[in-house]
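A quick write-up on the structure given underneath.
The values are calculated or read from the model by the stated rules, or taken from the named source; none is laboratory data. These numbers come from a predicted model, not from an experiment. Neighbour counts are summed over all protein chains in view; Cβ atoms, including those assigned to glycine, are modelled from backbone coordinates with ideal geometry.
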Amino acid sequence: MADLKDKNTRLAVGKTYKLYIDGKFPRTESGRYYPLHNKDEIIANVCLGSRKDTREAVVAARKAFAGWSGTSAYLRGQILYRIAEMLEGRSEQFVAELVKQGLTKAKARTEVAVSIDRLVYYAGWTDKFQQVFSSVNPVSSAHFNFTVPEPTGVVTIIAPEESGLLGLVSNIAAAIAGGNTCVALASYSMPLSAISFTEVLHAADVPAGVVNVLTGSRAELTEQFAAHMDVNAIVYCDGDAAVDREIQLHAANNIKRVVRRTGIDWSTEKGQGPYFIRDTQEFKTTWHPVGG
Amino acid sequence: MSTPASTSSSPLPRLDLVSRVDQTGVEERVARFCKRSIKKASKMQALKLALGMIDLTTLEGQDTPGKVRQLCQKAIHLHDSIPGLPHVAAVCVYPVMVGVARKALDDQGLAGEIKVASVATAFPSGMSPLHIKLEETKIAVAEGADEIDMVISRGAFLRGDYGYVFDEIAAVRDACGEAHLKVILETGELGTLDQVRRASVLAMHAGADFIKTSTGKIQPAATMPVTLVMLQAIRDHYYETGRQVGMKPAGGISKAKLAIQYLVMLRETLGQAWMAPEWFRFGASSLANDLIMQIQKQQTGVYQSADYFSKD
Amino acid sequence: MDETTSKLAFDTDWQYDPAPESTDHIRIDEQYELFIGGEFVAPKEGRYFDSINPANEQVLARVAAAGKDDVARAVKAARKAYQTSWSTLKPAERGKYIYRIARVLQERAREFAVIETLDGGKPIRESRDIDIPLAAAHFFYYAGWADKLEYAFPGKQVAALGVAGQIIPWNFPLLMAAWKIAPALACGNTVVLKPAETTPLTALKLAEVIRDAGLPPGVVNIVTGAGDTGAALVDHPDIDKIAFTGSTAVGRSIQKSLAGTSTKYTLELGGKAANIIFADAAIDEAVEGIVNGIFFNQGHVCCAGSRLLVQESVADEVIRKLKDRMESLIVGDPMDKNTDIGAINSPAQLAKIEDYLRIGQAEGGEMYQSSATLPTTGYWCRPTLFTGVSQSNRVVQEEIFGPVLAIQTFRTLEEGLDKANNTPYGLSGGVWTDKGAKIFKMTRAIRAGVIWANTFNKFDPASPFGGYKESGMGREGGLHGLDAYLELS
């Protein structure tokens, strides 16, 4: 494979790209794979994740939800910042991987740099978006009444096909900054950075199950991402009208929130903001009497 | 269910276990009672019921035998031009006036029908030594009081000396002999509804036949939220022990409409068994005339003027 | 406690005489048309349906049934109004029109209350003291937002969506119309509203108010009819936004209908809220909260506290007090000012409730009903409790939408919480405890959009309302309620 080309150096050790489920790196239970090409060369055999893998990932995400949503906003910020630090430390690896998947070196460098900055950006929001979106409501009766955002729960993300690292990072960061846990489907054509990114998550002490990443066929997995009854929201980034319709139809089974993020240039400031967090938040209003 | 006047007191209850009270919730419930629309025959029935529940009261430093005799006369002859009116439940006076009231009622042959109630225990402050309070109680009973309206020692209650308050009530209870004991909590000085509830429980366990909101000397006196909390305490005591305790809101109830709202509250909280002068009283001086004016209005359809009704 | 020896009797000698609200100042026409483009117009297909008073089964009025063409006409009028008048109006002026609606509603409040009660069966006390004042307050609240929208969403530009199609239920007819129309108009949208077929009258009266308030024709259009009218509205291609309040089943079908379109939607759906009573609660107020939670509006409330979870150590006390309290609830003529529980809204709803009463008993639940005597005509259900039921029972799981409370006990906080959250719904919840720290633990952990702590079933225009999970998406009320009617960019 690609790493074995230069015969004057030692034999390089290739990397096996696996899934990331519940803090572990299993191969797909289906045993299937798809070859990832760069021009004529096969650069990796990528797991062709299955419906059952999706199920396992959702179970892991649900299990992790109580803990992650209960983690202090400050600690979530620390962990997101830690992810950024770890990614910074491995940026050369990510640049090389993106180049391998077809980006120019300059574009790859930018993508990695913006991904790091995006993580820092959301690290800073974890304990602030609540203040921006909360309210104390002046009701007419003798009650104290306030509204705060809370994470919606388990979020599935069909990450942008065209942005293998940054698109994935942007969507995962927004979801988990808000206290959700997630299951993301990596770009089919650029899956390598997604899997390498899960190693960063792992190293950054993101608790098991908070982020789960699958690789595989969109056609095959979209249905489960949209239909699974224990998923509270789905983020869809590709903008394919037929797929969008399919997602809505399946989502309706449990009144799943459908967040569409199409036509976003993830490398710009339009690709970030507290409203990306808000998309997968619920607003809870609490009443309490005021009296002696 | 009727119970003997002298009930031996149970041990001091665990006041920390008394059910909590939420003020806003109580006020909402009270608002619902006040929304009841009482019309026609049901209104007339309520007006007469309320009239018969009055403890016609004079508790002034300037009270004289003459004033008390007039009060008794009024108690018997509320408004002779309307036939069929009930008389009030009792007259309520200071201990030194008990003899006057007793004689005035006895002379009319109404002993037993209209009770003589006497405040006691250094009313209204309660700031005297226990032996003096007991002596005062005994004197009032000896003078002919059927009912004793005692005040609790709020200072002791507020500083948490519940045992003292409990024992004091129990001692006064004993001093009352055959007389009924009404225990005035002076709720306006207790601060919160939680305290009202605790004081109610304490008084009932110590042997109160009635619990009463206030002396009329402290504002706020009777309020519907306070009375509701006390009625709920009475209900819980009844659930727990089977003993029925009476309720007397006093002070500030001067209008018929308000009195009817109290009766609605009584009806929907304690029900039939309490809907009689034996178990519910209004401590009031000017309520009677407003009730009579309303009765007159119900009968004639014309709104009334105070000029046509005797002040006392 | 010994219930046999110390039992309170509420069948008192003193009973309240009937106190009927007067109706002589009320005008209900024999027939109502559709309100489209600022005028009352006959339905194209000429179909009408009767609106019935559920308390006496008498016909109140004939009401037009809007067909597809009528809906299309209404959407066209709304589109035209959006383009030619409403979107070009200064926001402050828009607000002033909405203020006018609020004021006229206040002036005509009693009339609206009476008609609401006649049409829907709810007690006049509730329509007079809750529904109508809250509806007016809702218009008043959102009127003020019209020229302040840029402050609501920091960092965002806001714009109206266009034409909003709105479908509302029969449990709070005018109030739901206000919840829908007021924020939509404040945000600069125009509206086609479909009221529920059993309770169309106050919406049509509101049409009069809107016309009299001088709103430009077509800004608000009201199309009456049944489910097919609603479906025509949902399916209309020129609608920018659907706002729906109703059952989860219909909400689901709307979400499916809108699949593949760019139409935005918000859904306010069903619920099966847990009302959790801890041993350290203010028990008497909690009992009152239980009563307000499940018997308010005959239990026709999506956020009703229909599951009572009571800590085992106080369960006997709570249930005993609840039964006593139920005896003082007056069931009957909704027009009587003393009535606490009015008529069930329709024969269909009564049949559904009665089905659940049978199901609950067949499942082994013990049913208790108050001793209230019921009128002989009309649709009625006594306040009802089920004890001895568990999570697996249908009366515990499913929304009954009637005055039927399922009671379960729990031992620990965790058990109570688990039971509370063990539902696909997430609209509301109640917690009763005197301990502050426990309140915050519970209110944070219950997965629902509205949590009432030491109170229940409170509503206010400034207070956002809406569900988690299958109880819907989006919020109505407060600043957060604006989001449903704005494009943020």
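Exactly one residue out of C:Leu204, C:Leu215 is touching a strand residue (DSSP E or B) at 6+ places or on another chain (Cβ under 7 Å), more than 14 Å from chain A (Cβ to nearest Cβ), within 23 Å of C:Arg79 (Cβ to Cβ) and in contact (Cβ under 8 Å) with a residue 40 or more places away in the chain, and it is C:Leu204.
For segment B:30-46, the candidate set comprises residues that are under 19 Å from B:Ala222 (Cα atoms) and aliphatic (A, V, I, L, M); within that set, the residue that is surrounded by the most Cβ atoms within 10 Å (Cβ to Cβ) is B:Val30.
Scanning segment A:224-278 for residues that are more than 10 Å from chain C (Cβ to nearest Cβ) and in a strand (DSSP E or B) yields a count of 4. May I ask you to verify whether C:Thr266 is away from chain B (no Cβ under 14 Å), within 30 Å of C:Glu93 (Cβ to Cβ) and among the β-branched types (Val, Ile, Thr)? Spelling it out, C:Thr266 is indeed away from chain B (no Cβ under 14 Å), within 30 Å of C:Glu93 (Cβ to Cβ) and among the β-branched types (Val, Ile, Thr). If you go through segment B:186-224 and keep only what is surrounded by fewer than 24 Cβ atoms within 10 Å (Cβ to Cβ) and without any contact (Cβ under 8 Å) to a residue 60 or more places away in the chain, you end up with B:Gly188, B:Glu189, B:Leu190, B:Gly191, B:Gln195, B:Gln219, B:Pro220, B:Ala221, B:Thr223. If you check C:Asp13 against the conditions, is it exposed (fewer than 13 other Cβ atoms within 10 Å of the Cβ), within 14 Å of chain B (Cβ to nearest Cβ) and without any contact (Cβ under 8 Å) to a residue 12 or more places away in the chain? Yes, satisfied. Scanning segment B:175-185 for residues that are crowded, with 24+ Cβ neighbours inside 10 Å and in contact with a strand residue (DSSP E or B) (Cβ under 6 Å, 6 or more places away or on another chain) yields a count of 6.
When the residues of segment B:47-68 are filtered to those that are of a type in the set (Asp, Glu) and outside any strand (DSSP E or B), the one that is surrounded by the most Cβ atoms within 10 Å (Cβ to Cβ) is B:Asp63. The residues listed here are C:Ala232, C:Ala184, C:Ala177, C:Ala243; of these, the one that is more than 14 Å from every other protein chain (Cβ to nearest Cβ), assigned to a strand (DSSP E or B) and either in contact (Cβ under 8 Å) with a residue 12 or more places away in the chain or of a type in the set (Gly, Ala, Ser) (or both) is C:Ala243. Of all residue pairs spaced 6 or more apart or on separate chains, those with beta-carbon atoms under 6 Å, a first member in segment A:102-115 that is modelled with pLDDT of 95 or more and a second member that is part of a helix (DSSP H, G or I) and surrounded by fewer than 21 Cβ atoms within 10 Å (Cβ to Cβ) are A:Lys105/A:Val99; A:Ala108/A:Val99; A:Val112/A:Ser91. Checking each residue in segment C:302-334 for being of a type in the set (A, V, I, L, M) and part of a helix (DSSP H, G or I) picks out C:Val314, C:Ala315, C:Val318, C:Ile319, C:Leu322, C:Met326. Taken as a whole, the condition of being more than 12 Å from every other protein chain (Cβ to nearest Cβ), surrounded by fewer than 17 Cβ atoms within 10 Å (Cβ to Cβ) and under 20 Å from A:His202 (Cα atoms) applies to A:Leu75. Looking across segment C:20-51, the residues that are small (Gly, Ala, Ser) and surrounded by 16 or more Cβ atoms within 10 Å (Cβ to Cβ) come down to C:Gly37, C:Gly38, C:Ser51.
Could you go through segment C:191-212 and let me know if any residue there is over 28 Å from C:Ile52 (Cβ atoms) and either in contact with a Cys (Cβ under 7 Å, 6 or more places away or on another chain) or modelled with pLDDT of 95 or more (or both).
Looking for residues that are over 28 Å from C:Ile52 (Cβ atoms) and either in contact with a Cys (Cβ under 7 Å, 6 or more places away or on another chain) or modelled with pLDDT of 95 or more (or both), one finds none in segment C:191-212, hence no.
The residue of segment C:273-290 that is farthest from the other protein chains (Cβ to nearest Cβ), among those that are surrounded by 24 or more Cβ atoms within 10 Å (Cβ to Cβ) and in a loop (DSSP other than H, G, I, E, B), is C:Ala273.
Matching residues to (1) facing chain A (nearest Cβ under 8 Å); (2) surrounded by fewer than 23 Cβ atoms within 10 Å (Cβ to Cβ); (3) in a helix (DSSP H, G or I):
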position: C:Asp434; (1), (2), (3): no, yes, no
position: C:Phe440; (1), (2), (3): no, yes, yes
position: C:Thr443; (1), (2), (3): yes, yes, yes
position: C:Ala448; (1), (2), (3): yes, no, no
position: C:Phe456; (1), (2), (3): no, no, no
position: C:Pro461; (1), (2), (3): no, no, no
position: C:Gly467; (1), (2), (3): no, no, no
position: C:Glu470; (1), (2), (3): yes, no, yes
position: C:His480; (1), (2), (3): yes, no, yes
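The set of residues from segment B:10-53 being in contact with a Phe, Trp or Tyr (Cβ under 7 Å, 6 or more places away or on another chain) and more than 11 Å from chain C (Cβ to nearest Cβ) comprises B:Leu12, B:Leu15, B:Met53.
Only one of the numbered conditions (1) over 28 Å from A:Gly124 (Cβ atoms); (2) of a type in the set (A, V, I, L, M); (3) within 21 Å of the chain's Cα centre (by Cα) is violated by A:Val259, and that is (1).
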